[in-house]
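The values are calculated or read from the model by the stated rules, or taken from the named source; none is laboratory data. These numbers were taken from a predicted model, which means no experiment stands behind them. All Cβ positions, glycine included, derive from the backbone under ideal geometry; neighbour counts span all protein chains shown.
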Amino acid sequence: MPDDDPQDTPSAERPPTVELPLRVLVVGNGMVGQRFVDELIERPDQTDSGPDLAVTVISAEPVPAYDRVALSTYFDGASRDDLTLGDPKRWDDAGVSVRYGVEVASVDRGARIAQLSDGDAISYDHLVLATGSAPFVPPIPGHDRPGCFEYRTLEDLDAIRQWASQEQVMTGVVVGGGLLGLEAANALKNLGLETHVVEMADRLMPQQLDGPASTMLRRWVEDLNVRCHLGFATDHLDGEGDGGPVSGLVTKTGESLDAQIVVFSAGIRPRHQLAEAAGLAIGERGGVIIDDACLALDAETGEVDPTVSAIGEVACHAGRVYGLVGPGYSMAATAAARLLGATSSFEGADTSTKLKLLGVDVASFGVALNTGGSDIAEDEDRFEYTDPAAGIHRRVSTVGGRVTGGVLVGDLSNYDIFHALSAATMELDALGPGGLASLIIPSDLFGSASPSVELPDSALLCSCNNVSRGDCKAAIAEGSHDLGALKACTDAGTGCGGCMPDLSKLLFAQLDALGVDAKRNLCSHFDFTRQELFDLIRFNQYSSWAEVVSAHGRGRGCEICRPTVGSILASLSNGYILDGDQRALQDTNDHSLANMQRNGTYSVVPRVPGGEITPDQLIALGEIGRDFNLYTKITGAQRVDLFGAQLHELPKIWQRVLDAGLESGHAYGKALRTVKSCVGDTWCRYGVQDSVTMAIELEKRYRGLRSPHKLKSAVSGCTRECAEAQSKDFGVIATENGWNLYLCGNGGRTPRHAELFAVDLSDEQLITYIDRFLMFYIRTADRLQRTAPWFEELEGGMEYLRSVIIEDSLGIAAELEADMARHVETYECEWKATLESPERLEHFVEFVNAPDQHSTPVWITERGQRIPAQ
Amino acid sequence: MTHLDSAFPETERLHQPGLIEVANIVQLPLDRGVAVLVPFSDGQRPVALFKLAPARLDLIDGEVANADFEVFAVGHIDPVNGAPVMARGLVGSIERGDEIVSTVASPLLKQRYDLRTGACLDDEELRLPTYPVTVGDDRVFLEV
């Protein structure tokens, strides 16, 4: 498509009724440019009208668009893939063509031709400038020494990581204490450097926070070992000779700070040079001036150029250049809608921010600071709450009875109410008794006594994607009854993620109102969530269904709660799962200690820990398969699966398995399945640890552990990762110093990569953390919830998980370890336990009144093996 | 699809014609099914028997008296795919107004059936055959 140019076709040959595709040239493939193209190609599904489009994207960076807001997670385990935005296949299908690693050198607006840096020229009907910003590096002498970096692109981060990996690089300094600077500091901290932040102003985040808020933020930041130097005006950067690597910063007053790596994050400037050269109007403080239609203006005439739009950080609207992605997305939506023939306008955007910076909650809304800086204005009233011990500072300002803005540090309760008030989507008199004064106090302090205020539907819930509370409510009413569906439907929560707790609250409140089981009560027989039931069973030490249902349930239970209670009892080490009334709780597979197949026969899966097996054991399995005529297959979990066993044959088969020295593989349980391994340093020339031994140890420790859903694991012997540990519930990758632990990866319908949890662990630390993690998950997950969705809903995410497991913030580590110890101590192979007991064996009879009779499934043969007839 | 063996052990018949003893009540675990082979006039059929505790489980010294049980008999073959598995499904109960409906869910794909009427709660088109059960003297009889 990019090679076709219909304009070249002589008019005589063109049928007059054919509509030519509108050629849209997008300059820039950052977050906003990418969103713009998505909006363009998505809309046509919703409206039948609108022109055909031929979209070309010019990307200066050599990679597809990625989430720049989440850049610092690149050093926290996120891969390039994790950060990549959008779906290249959708663009391919829509005929969008992308050129990577090339820039637009100049534009001739009259002829509507763009000249590329590689010599090509592209004609367009409409040009969209989404060139974003460039980091501002102050022209301090020495700023270009080796070891000085910008903080904007993945290439920057790769370079920073490379430089920081040198032994002599131990201290890093970030120049700039704003939002981005603190993010960069977090990144350096994740690299293990002693980290400092220097800022010229007397406050951190000087654009958003006032003095007291900054003071509070600074305490938090320094608690995390990031030292802040305010009022620090760098004069020059020291180093060896003229071009040697950086060794420190020196201020105008002679203060010095040693550093072997310096990251500049002192602001951003719009990259409007291309527009300026093309004769477009540029704002006083930079940026391509646009009107409400996001169209650019001619510099000379001041008139709108209907063939050029500018969106994102490069644009200047009503005198403002926005450094946030939310307004950029709004501009992208407006520009795209207009190109498709719809009416849409951008009338300015909310610059409220609510985020977690180095683990600290920070928010600002409305006009947070007066033009005079952080001093109070004459007609301004302030409602303030400060708790220095807890590191909390909250301030809401009003002028003339209207909320104008404010800042919150350390506690963000009631943020959405303040935000709605400052955005004038809510009135002050809608507040209950106590008004603002009661809301300024953190809501945790009063629990249910805190005032409940109903926010209007027009209030924004997600500012990154401009989603209102009303939008969310509509989606819920139309059937999005869980967080995943709601996110997919509205896009809320898919930007910075800061609105997720609010989204959760809204979802559950709405489900409640709709009469849908909001609290995720297990089923109609129990008014508890699985988590609550787990606690009840554990605390009361129930050991039977009868006890549980008579104390806390109703009726006879059902196929939902019975297996759930059965699983909980089993997780808490309640003995043979088919004894007593537990037998009546077991689901299809557990009930027969085998996996039921479509024709009522079963499969047999012996445990092969770590995937290591002896030739004799392999032969034994082969003989079993042959003697019982079982379809044999090797599974993805590195073990052997034998299919087609009838109920009454199971005991005989398992006796042979046990005789071969193997035991139950628990393929039939929602339990630990396998711990895969690569051969590791035993054999492999690249291996750095003995991954097989560790995998075997882990598998033998956690075998038989029942959990809300199956658990899969793997241990890789080096970073080549041949055991694919990163797709596992808990995955281990060897390093030279020990083991890296990754958590909450899942395969299945919606695969998700595990996230890096901890690095360079010893064998003991590794096992301790896994013990705690598994028991914590088992204790708190919902029924049939795998670790990935569980993690996604975990408020506080990875930080919270680390605090619970590593720092024991909930004080339950000892309990979790004790629960796991009990599991390890009481473990017994279920098939061994079955075969040792005539009573238990009685259940493996098909017809109780005809023990020698069996049904006879119909079989056919395929590739030499017996399979069910369909 | 199953093909049943034609040989069948001796069965006792009560004086009443049409009643066949299929099991002793102690062979039936509580709230769990067992399968029996039953001779009908047109051949043998597998039947799933369920002994259910009263829907409200009131513990009386930890034991529930035999007389308070309900015994149901439905076809053992899953109507969806023909596999002989219904006795291996999980039992449950649901409230329908004042009524409590006892159910069994197919172990394969979990469709729920009313144990009294055989009707499938999740798909109108599916149905399990049901058989009247009599329990006398700890012996379980089916009407054929």
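Evaluate the stretch A:96-114: report whether one residue or more is part of a loop (DSSP other than H, G, I, E, B), without any contact (Cβ under 8 Å) to a residue 24 or more places away in the chain and under 25 Å from A:G279 (Cα atoms). Yes, some residue in the stretch A:96-114 is part of a loop (DSSP other than H, G, I, E, B), without any contact (Cβ under 8 Å) to a residue 24 or more places away in the chain and under 25 Å from A:G279 (Cα atoms).
In the stretch A:717-739, the residues that are free of Cβ contacts under 8 Å to residues at least 24 places away in the same chain reach residues that are of a type in the set (S, T, Y) and part of a loop (DSSP other than H, G, I, E, B) with C-beta atoms within less than 8 angstrom, at least six apart or across chains, in these pairs: A:I733/A:T719.
Is there a residue in the stretch A:365-378 that is over 34 Å from the mean Cα position of the chain (by Cα) and of a type in the set (A, V, I, L, M)? Looking for residues that are over 34 Å from the mean Cα position of the chain (by Cα) and of a type in the set (A, V, I, L, M), one finds at least one in the stretch A:365-378, hence yes. Scan the stretch B:1-27 for residues that are facing chain A (nearest Cβ under 8 Å) and at pLDDT 50 or above and the total you get is 3. Summed over the stretch A:792-848, the residues that are farther than 30 Å from A:V605 by Cβ and among the hydroxyl-bearing types (S, T, Y) give a count of 3. Residues satisfying the criterion are absent from the stretch A:755-771 (criterion: touching a residue at least 24 places away in the same chain (Cβ under 8 Å) and in contact with a His (Cβ under 8 Å, 6 or more places away or on another chain)).
One line per residue, one yes/no per condition, for (1) of a type in the set (A, V, I, L, M); (2) in contact with a strand residue (DSSP E or B) (Cβ under 7 Å, 6 or more places away or on another chain); (3) closer than 24 Å to A:L618 by Cα:
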| residue | (1), (2), (3) |
| --- | --- |
| A:R656 | no, no, yes |
| A:Y668 | no, yes, yes |
| A:L672 | yes, yes, yes |
| A:Q689 | no, yes, no |
| A:E697 | no, no, yes |
| A:I733 | yes, yes, no |
| A:R749 | no, no, no |
| A:A758 | yes, yes, no |
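Scoring A:A437 on the criteria (1) touching a Phe, Trp or Tyr at 6+ places or on another chain (Cβ under 9 Å); (2) buried (at least 20 other Cβ atoms within 10 Å of the Cβ) leaves a single failure, condition (2).
Let's see how each residue does on (1) modelled with pLDDT of 90 or more; (2) on the phi < 0 side of the Ramachandran plot; (3) surrounded by 23 or more Cβ atoms within 10 Å (Cβ to Cβ):
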residue: A:M500; (1), (2), (3): no, yes, no
residue: A:D512; (1), (2), (3): no, yes, no
residue: A:N521; (1), (2), (3): no, yes, no
residue: A:S544; (1), (2), (3): yes, yes, no
residue: A:A570; (1), (2), (3): yes, yes, yes
residue: A:D590; (1), (2), (3): yes, yes, yes
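If you go through the stretch A:588-605 one residue at a time, do you hit one that is under 37 Å from the mean Cα position of the chain (by Cα), of a type in the set (A, V, I, L, M), assigned to a helix (DSSP H, G or I) and within 30 Å of A:R520 (Cβ to Cβ)? No, every residue in the stretch A:588-605 fails to be under 37 Å from the mean Cα position of the chain (by Cα), of a type in the set (A, V, I, L, M), assigned to a helix (DSSP H, G or I) and within 30 Å of A:R520 (Cβ to Cβ).
Residues being at pLDDT 95 or above and in contact with a helix residue (DSSP H, G or I) (Cβ under 9 Å, 6 or more places away or on another chain): count how many of those fall in the stretch A:615-637. Here the count works out to 9. Quick check, is B:V36 at pLDDT 95 or above and within 30 Å of A:V858 (Cα to Cα)? The answer is yes for B:V36.
I need the full set of residues from the stretch A:479-496 which are in a helix (DSSP H, G or I) and farther than 24 Å from A:Q785 by Cβ, in order please. Walk me through how you get there before you give the answer.
Initially, the stretch A:479-496 is screened for residues in a helix (DSSP H, G or I), giving A:483-490.
Of everything in the stretch A:479-496, nothing turns out to be in a helix (DSSP H, G or I) and farther than 24 Å from A:Q785 by Cβ.
Can you tell me how many residues within the stretch A:689-721 are over 18 Å from A:V608 (Cβ atoms) and surrounded by fewer than 19 Cβ atoms within 10 Å (Cβ to Cβ)? Adding up the residues that qualify gives 3. When B:R116, B:R96, B:R112 are checked against the criterion of being within 14 Å of chain A (Cβ to nearest Cβ), farther than 17 Å from B:V38 by Cβ, without any contact (Cβ under 8 Å) to a residue 24 or more places away in the chain and exposed (fewer than 15 other Cβ atoms within 10 Å of the Cβ), a single residue qualifies: B:R96.
Are any residues in the stretch A:334-354 closer than 23 Å to A:G86 by Cα and surrounded by fewer than 22 Cβ atoms within 10 Å (Cβ to Cβ), and if so, which ones? Let's see the steps before the verdict.
Taking the stretch A:334-354 first, the residues closer than 23 Å to A:G86 by Cα are A:334-340.
Selection gives A:A337, A:R338, A:L340.
For the stretch B:50-77, give me each residue that is modelled with pLDDT of 85 or more and facing another protein chain (nearest Cβ under 8 Å). Quick ask: steps written out before the conclusion?
Residues of the stretch B:50-77 that are modelled with pLDDT of 85 or more, as a first pass: B:50-52, B:70-77.
The answer is B:L52, and nothing else.
If you go through the stretch A:248-307 and keep only what is hydroxyl-bearing (S, T, Y) and either part of a strand (DSSP E or B) or under 21 Å from A:A114 (Cβ atoms) (or both), you end up with A:T251, A:S256, A:T307.
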